[in-house]
Amino acid sequence: MTASGLDSRLLEVFLAVADAESMTVAARRLGITQGAVSQQISRLEALLKLELIARENRRLRLLPAGLNLRYHARRVIEELRDCERAMRNFNRLRFHNLSIGILDTLGRTLVGPVVETLEPLAEQIQVNASVTYRHREDLLSGKLDLVITAQNFDEDEFEVHSVVNEPLVLLVTKGTIPEGENVDLEKLASTLPLIRFAHQRKIGRLTDQYLDKHRLTCHRTIEIDQTTSVIDTVKGTGGWAITSPFTLFDPNFDAIEIELRPLPPPVPRREIRLVALPGKYGDLPMRLAFNCRHRLRREVSLRLAPIFPADILPRIPD
């Protein structure tokens, strides 16, 4: 109610009368008596010190002040209804703020399901899809609420949900390995630079272990942090890299210039999981992991299955 005593109920009654051009019809629509409608209109005119309606026989006509009030009253009532809807939506929000970190190779693919899952539950959302080595520290400090990561987490200490188990693959320029020929790792290692991920990253350590198993020494290496930069460097130098199959989803991946090939066995695999502090977020981590798996299953079916044999496709749990 305003200082003058004007309130939304008075405006709603006035609008009903203005739209119906009849107090009788307005009363029926509002579910009150005609006398109550007449009293409300009289009260409104007294509060505003203006005559709003001309009573002509059985019909009512809005006077200039009434026409002007109808315009403003409609806006006020619509704003109030919008406010009520917003507050009802706000009331169902469970979290003031949610922050999630996603490893860079899956950032673009999973931002969609992450936002779709979190948006109905949080007032504010931050998504950080980049290279980082601090997922554990950021969870424990509260800087992040959830992470989708390849880093190792103790399931006795954290809530952990599997998202995907991916095989690493070979990234080369088109024509480096002739169509139909097997991959000759020794030849690649001796003739072309290895564009490798940093040792701090899980994918970098898996690369080291794989090369050791094959007793390979790469005399020329270029170490890079980010997937996009690895792609650009392979294209620019004609080198080779061991990377995630989801590299194919990077916007810089150009299928005319570069290609992904299966690695000779045994193929290293990387487990990617969704992790949160236990007991803090209800069923949200489980539902978010489910939605991420659903999106990845679709993308693998559409974009990776036509390229790779079934036995080396990413494994996505139900």
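Values for this structure:
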{"read-out": "Residue check for VAL234: within 25 Å of THR109 (Cα to Cα), among the β-branched types (Val, Ile, Thr) and not in a helix (DSSP H, G or I)", "value": "no"}
{"read-out": "Only listed residue being under 18 Å from ILE102 (Cα atoms), of a type outside the set (Ser, Thr, Tyr) and in contact (Cβ under 8 Å) with a residue 24 or more places away in the chain, chosen from ALA198, ALA189", "value": "ALA198"}
{"read-out": "Matching option when the condition is at pLDDT 90 or above and surrounded by 19 or more Cβ atoms within 10 Å (Cβ to Cβ), among LEU192, LEU206, LEU188", "value": "LEU188"}
{"read-out": "Matching option when the condition is in contact (Cβ under 8 Å) with a residue 24 or more places away in the chain, crowded, with 17+ Cβ neighbours inside 10 Å and touching a Leu at 6+ places or on another chain (Cβ under 6 Å), among LEU106, LEU118", "value": "LEU118"}
{"read-out": "ALA241 under 25 Å from HIS161 (Cβ atoms) and either of a type in the set (Ser, Thr, Tyr) or surrounded by 20 or more Cβ atoms within 10 Å (Cβ to Cβ) (or both)", "value": "no"}
{"read-out": "Qualifying residue in region 288-297 (condition: surrounded by 14 or more Cβ atoms within 10 Å (Cβ to Cβ), more than 20 Å from VAL172 (Cβ to Cβ) and in contact with a His (Cβ under 7 Å, 6 or more places away or on another chain))", "value": "yes"}
{"read-out": "Hits in region 185-215 - residues which are under 12 Å from ASP225 (Cβ atoms) and not polar (S, T, N, Q)", "value": "ILE195, ARG196, PHE197, ALA198, HIS199, ARG201, ILE203, GLY204"}
{"read-out": "Residues located in region 34-66, provided they are polar (S, T, N, Q) and either assigned to a helix (DSSP H, G or I) or modelled with pLDDT of 90 or more (or both)", "value": "GLN34, SER38, GLN39, GLN40, SER42"}
{"read-out": "Check on ILE125, at pLDDT 95 or above and under 12 Å from the mean Cα position of the chain (by Cα)", "value": "no"}
{"read-out": "Near pairs, Cβ below 9 angstrom, 6+ apart or cross-chain, from region 22-39 (farther than 17 Å from ARG58 by Cα and in contact (Cβ under 8 Å) with a residue 12 or more places away in the chain) to any residue that is surrounded by 15 or more Cβ atoms within 10 Å (Cβ to Cβ) and of a type in the set (Asp, Glu)", "value": "LEU30/GLU12"}
{"read-out": "Residues satisfying the stated conditions in region 262-318, i.e. among the aromatic types (Phe, Trp, Tyr) and over 21 Å from the mean Cα position of the chain (by Cα)", "value": "PHE308"}
{"read-out": "Qualifying residue in region 138-146 (condition: modelled with pLDDT of 95 or more, outside any loop (DSSP other than H, G, I, E, B) and surrounded by 11 or more Cβ atoms within 10 Å (Cβ to Cβ))", "value": "yes"}
{"read-out": "Leading residue by the ranking (surrounded by the most Cβ atoms within 10 Å (Cβ to Cβ)) among those in region 215-225 that are part of a loop (DSSP other than H, G, I, E, B), out of contact with any helix residue (DSSP H, G or I) (no Cβ under 6 Å at 6 or more places or on another chain) and of a type outside the set (Lys, Arg)", "value": "ASP225"}
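The values are calculated or read from the model by the stated rules, or taken from the named source; none is laboratory data. Keep in mind the model is a prediction, meaning the values are calculated, not measured. With ideal geometry, Cβ positions are generated from the backbone for all residues, glycine too; neighbour counts draw on all protein chains shown.
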